[in-house]
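The values are calculated or read from the model by the stated rules, or taken from the named source; none is laboratory data. Note that this is a predicted model, so its numbers are computed, not measured. Every residue, glycine among them, receives a Cβ derived from its backbone with ideal geometry; neighbour counts consider all protein chains shown. Just the protein is used for accessible areas: all its heavy atoms, side chains included, with ligands, DNA and RNA removed. Shrake-Rupley method; radii C 1.70, N 1.55, O 1.52, S 1.80 Å.
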Amino acid sequence: TVAISCQQVSKTYETRNGPVNALSPCDLEISPGEFVVLLGPSGCGKTTLLRMIGRLHDHTSGSLDLTPVEAGETTTGFVFQQANLMPWMTVEENVALPLRLKKQPKATRMETARDLCSRVGLENFTKSWPRELSGGMQQRVSIARALADDPQLLLMDEPFGALDALTRTRMNSELERLWMASGATVVLVTHSITEAIMLADRIVVMSARPGRIVSETRVPFPRPRG
Ligand code: ADP
Ligand code: ADP
């Protein structure tokens, strides 16, 4: 698990039409193991902030620190709006991919992958091809893949945006269960108020033009972990 500290972090994209101020300087402290939801309308800088936390984008100013509680480097899992599965790999091979990139032996990584598949309810689809699965099932594969190397930090950008309402509700409960079983710090981007209220320890509300944090609300019912 990992602590996140953003101090006066801002982002300006340089484009052909000049600079775009995506995020005004903002402060955000996230505790180890906390589940934080970034909520706000399109264009308020949610994706930008999430990507800077994940080091997919540099920040323009301020300081942004990730402090792992355990020794060693911070491992981060990403889930995007699209599942982005490898179409030529089976479900279990997709889930095992991060471990394959870490050169884990095949037998161990496939065992981990099959275990993760059952944790997201796909135990009967481990040998299926991504195209044989529904959108919700593909997104579950991408969540299992993000969890494969036991990340200390899980960053999710509207992971359920493309799903129907029922699948989305089920995925929310599944995600909460997986989070409670892991020690990971989670930052989730959504523009669903319902999703934010269901999942968050803390809701960070953002607003556009210019992108900024306007409020933070702690959800008053702490959940048991472990
Ligand atoms: P959100 O995720 O809340 O919809 P984004 O972080 O995607 O917001 O975008 C914030 C602002 O930054 C928007 O005005 C968007 O157009 C702009 N923006 C995002 N990514 C880029 C980029 N790669 N280049 C230029 N402008 C960008
Ligand atoms: P979101 O689903 O978060 O609203 P968008 O559809 O706004 O995302 O953006 C999708 C991708 O396009 C992102 O990678 C974002 O960084 C990039 N992007 C968004 N706005 C711009 C822009 N004005 N110029 C260039 N890239 C952009």
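Does at least one position in the range 124-136 carry a residue that is without any contact (Cβ under 8 Å) to a residue 40 or more places away in the chain, outside any strand (DSSP E or B) and among the β-branched types (Val, Ile, Thr)? Give the derivation first.
Going through the range 124-136, the residues without any contact (Cβ under 8 Å) to a residue 40 or more places away in the chain turn out to be 124-128, 132, 134, 136.
This time we only want the ones that are outside any strand (DSSP E or B), so: 124-128, 132, 134, 136.
Of the ones still in play, those that are also among the β-branched types (Val, Ile, Thr) are 126.
The answer is yes, given that some residue of the range 124-136 is without any contact (Cβ under 8 Å) to a residue 40 or more places away in the chain, outside any strand (DSSP E or B) and among the β-branched types (Val, Ile, Thr).
Could you check the range 1-37 and list, in sequence order, the residues that are assigned to a strand (DSSP E or B) and within 19 Å of GLN152 (Cβ to Cβ)?
Let us first name the residues in the range 1-37 that are assigned to a strand (DSSP E or B), namely 2-15, 18-30, 35-37.
If the condition is that a residue be assigned to a strand (DSSP E or B) and within 19 Å of GLN152 (Cβ to Cβ), then VAL2, ALA3, ILE4, SER5, CYS6, LEU28, GLU29, ILE30, PHE35, VAL36, VAL37 are the ones that fit.
Filter the range 168-218 for residues that are among the β-branched types (Val, Ile, Thr), out of contact with any Pro (no Cβ under 7 Å at 6 or more places or on another chain) and away from ligand 1 (no atom under 16 Å from the Cβ); which is farthest from LYS46 (Cα to Cα)? So that I can check it myself, show each step before the final result.
The first filter runs over the range 168-218 and keeps only residues among the β-branched types (Val, Ile, Thr), leaving 169, 185-187, 189-190, 193-194, 197, 203-205, 213-214, 217.
From the residues that got through so far, the ones that are out of contact with any Pro (no Cβ under 7 Å at 6 or more places or on another chain) too are 169, 186-187, 189-190, 193-194, 197, 203-205, 213-214, 217.
Those still in the list that are away from ligand 1 (no atom under 16 Å from the Cβ) too: 169, 186, 194, 197, 217.
On the way: THR169: 22, VAL186: 14, THR194: 17, ILE197: 17, THR217: 16 Å.
Result: THR169.
Pick from GLU29, GLU34: which is within 24 Å of ASN172 (Cβ to Cβ), more than 8 Å from ligand 1 (Cβ to nearest atom) and open to solvent by 10 Å² or more (accessible area, probe 1.4 Å)?
Values: GLU29 fails: within 24 Å of ASN172 (Cβ to Cβ).
Answer to the selection: GLU34.
Can you find a residue that is within 23 Å of GLY40 (Cα to Cα), within 16 Å of ligand 2 (Cβ to nearest atom) and aliphatic (A, V, I, L, M) anywhere in the range 146-153? Break it down stepwise before answering.
Within the range 146-153, the first condition is being within 23 Å of GLY40 (Cα to Cα), and the residues that meet it are 153.
Adding the requirement that they be within 16 Å of ligand 2 (Cβ to nearest atom) leaves none.
Taking every residue of the range 146-153 in turn, none turns out to be within 23 Å of GLY40 (Cα to Cα), within 16 Å of ligand 2 (Cβ to nearest atom) and aliphatic (A, V, I, L, M).
Can you find a residue that is within 16 Å of ligand 2 (Cβ to nearest atom), of a type outside the set (Asp, Glu) and out of contact with any strand residue (DSSP E or B) (no Cβ under 8 Å at 6 or more places or on another chain) anywhere in the range 196-218?
Within the range 196-218, one or more residues are within 16 Å of ligand 2 (Cβ to nearest atom), of a type outside the set (Asp, Glu) and out of contact with any strand residue (DSSP E or B) (no Cβ under 8 Å at 6 or more places or on another chain).
From the list VAL141, VAL205, VAL189, VAL214, which one is more than 12 Å from the chain's Cα centre (by Cα) and open to solvent by less than 30 Å² (accessible area, probe 1.4 Å)?
Details: VAL205 fails: open to solvent by less than 30 Å² (accessible area, probe 1.4 Å); VAL189 fails: more than 12 Å from the chain's Cα centre (by Cα); VAL214 fails: open to solvent by less than 30 Å² (accessible area, probe 1.4 Å).
On inspection, the qualifying residue turns out to be VAL141.
Quick one: is THR67 over 24 Å from ALA162 (Cβ atoms) and at pLDDT below 90?
Details: over 24 Å from ALA162 (Cβ atoms): yes; at pLDDT below 90: no.
No, not satisfied.
Among the candidates ARG100, ARG114, ARG140, ARG168, single out the residue that is touching an Asp or Glu at 6+ places or on another chain (Cβ under 9 Å), outside any loop (DSSP other than H, G, I, E, B) and within 16 Å of ligand 2 (Cβ to nearest atom). Can you show your working first?
Working: ARG100 fails: within 16 Å of ligand 2 (Cβ to nearest atom); ARG114 fails: within 16 Å of ligand 2 (Cβ to nearest atom); ARG140 fails: within 16 Å of ligand 2 (Cβ to nearest atom).
Only one candidate qualifies: ARG168.
Report yes if GLN8 is open to solvent by 50 Å² or more (accessible area, probe 1.4 Å) and within 26 Å of LEU122 (Cα to Cα), otherwise no. Steps first, please.
Values: open to solvent by 50 Å² or more (accessible area, probe 1.4 Å): yes; within 26 Å of LEU122 (Cα to Cα): no.
Answer is no for this residue.
Within the group GLY135, GLY161, GLY183, which residue is open to solvent by 40 Å² or more (accessible area, probe 1.4 Å) and within 15 Å of the chain's Cα centre (by Cα)?
Of GLY135, GLY161, GLY183, the one residue that is open to solvent by 40 Å² or more (accessible area, probe 1.4 Å) and within 15 Å of the chain's Cα centre (by Cα) is GLY183.
Can you tell me which residues in the range 21-39 are under 18 Å from the mean Cα position of the chain (by Cα) and within 13 Å of ligand 2 (Cβ to nearest atom)? Don't jump to the end; show me each part of the working.
Let us first name the residues in the range 21-39 that are under 18 Å from the mean Cα position of the chain (by Cα), namely 28-39.
Once the filter is applied, which keeps residues that are under 18 Å from the mean Cα position of the chain (by Cα) and within 13 Å of ligand 2 (Cβ to nearest atom), the range 21-39 yields LEU38, LEU39.
Could you check the range 38-67 and list, in sequence order, the residues that are part of a strand (DSSP E or B) and either in contact with a Phe, Trp or Tyr (Cβ under 6 Å, 6 or more places away or on another chain) or farther than 22 Å from GLU176 by Cα (or both)? So that I can check it myself, show each step before the final result.
Taking the range 38-67 first, the residues part of a strand (DSSP E or B) are 38-39, 61-67.
If the condition is that a residue be part of a strand (DSSP E or B) and either in contact with a Phe, Trp or Tyr (Cβ under 6 Å, 6 or more places away or on another chain) or farther than 22 Å from GLU176 by Cα (or both), then SER61, GLY62, SER63, LEU64, ASP65, LEU66, THR67 are the ones that fit.
Take the range 40-51 and flag every residue that is open to solvent by 20 Å² or more (accessible area, probe 1.4 Å) and either within 9 Å of ligand 2 (Cβ to nearest atom) or of a type in the set (A, V, I, L, M) (or both).
We begin by selecting, within the range 40-51, every residue open to solvent by 20 Å² or more (accessible area, probe 1.4 Å); these are 41-43, 47, 51.
Residues satisfying the conditions are SER42, GLY43, THR47, ARG51.
Is it the case that the range 68-88 has a residue that's open to solvent by less than 70 Å² (accessible area, probe 1.4 Å), away from ligand 2 (no atom under 16 Å from the Cβ), part of a helix (DSSP H, G or I) and more than 21 Å from ALA3 (Cβ to Cβ)? Reasoning before the result, please.
Narrowing the range 68-88 to residues open to solvent by less than 70 Å² (accessible area, probe 1.4 Å): 68, 72, 74-80, 83, 85-86.
Okay, now just the ones that are also away from ligand 2 (no atom under 16 Å from the Cβ), so 68, 72, 74-77, 85-86.
Add one more test, that the residue is part of a helix (DSSP H, G or I), and what stays is none.
Scanning the range 68-88 turns up no residue that is open to solvent by less than 70 Å² (accessible area, probe 1.4 Å), away from ligand 2 (no atom under 16 Å from the Cβ), part of a helix (DSSP H, G or I) and more than 21 Å from ALA3 (Cβ to Cβ).
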